[in-house]
C-alpha cells in the first residue's frame, strides 16, 4: 500500500489538517462529498474507525484510513469514551461537549483523563489493521487556550512534565503532535506504511 494515495474517511477539518501534518509523506485524499459514512455505533474506538474506513473503501475502491478518538475520565467510569463527539447530544459542537464534561467533573477529586485514538487502515483487498495511541493527563476546572479542538482546552498532558500545566490547546502544534494520542497512532500507521 506504500506510495498509493489514501482516502481519509472524515469530514472533520481539524482531523484532516492534523493528520496531514503528521503523515506528511502520505498523499491523503479527501472523502468525496457524495460518500455517506454509516453511524459510528461500535463498542470501541477501533470498531468505529473500521466502520468508517470500510465504508470509504467500498465507496471509492481506494485504500482508506479513518480514526475514532475521544477522552476517558476516570471519575466517570471512562465516559464519554466512544461517545466523545456526541457527548452533549447528536448535534452538539466541541464547546457544548467540553462544557458538559467540565460540569460533570466539577467537585471531583479524581480529574485523571486519557485521550485515546484508534486509526484503521483498510485496503480494497480486504486487509485491515488498527493502530492505537494514548495520552494520559488530567482535566482543568476551566478551559484554556485557543489551539487544537474538542476537549483540548481542558486537557493537561502528563508528557510535558511536572509543573507544566499547559493544556493541549496551549501547546504549539509540533509539541502537541509529538505527544498526542492521534500523533502516536499516526506514527504507528506511518511506520506500517513504510
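Take 176, 188 and order them by how many other Cβ atoms sit within 10 Å, fewest up front.
188, 176
If eta is 0.890 mPa s and T is 25 °C, what Stokes-Einstein diffusion coefficient results for the chain, Kirkwood Rh from Cα pairs, in µm²/s?
The calculation lands on 145 µm²/s.
Taking Cα atoms, how many degrees apart are the long axis of helix 181-193 and the longest axis of the chain, rounded to 10 and kept between 0 and 90?
Here the helix axis deviates by roughly 20 degrees.
Please rank 122, 7, 156, fewest neighbouring Cβ atoms within 10 Å first, as an exposure proxy.
The order, fewest Cβ neighbours first, is 156, 7, 122.
Could you list 180, 10 in order of exposure, starting from the residue whose Cβ has the fewest other Cβ atoms within 10 Å?
Ordered by Cβ neighbours within 10 Å, fewest first: 10, 180.
Read-outs: derived from the displayed coordinates by stated rules, not from any lab. Please read these numbers as outputs of a predicted model, since none were measured by experiment. For neighbour counting, all protein chains shown are included, and Cβ atoms are generated from backbone atoms with ideal geometry for every residue, glycine included.
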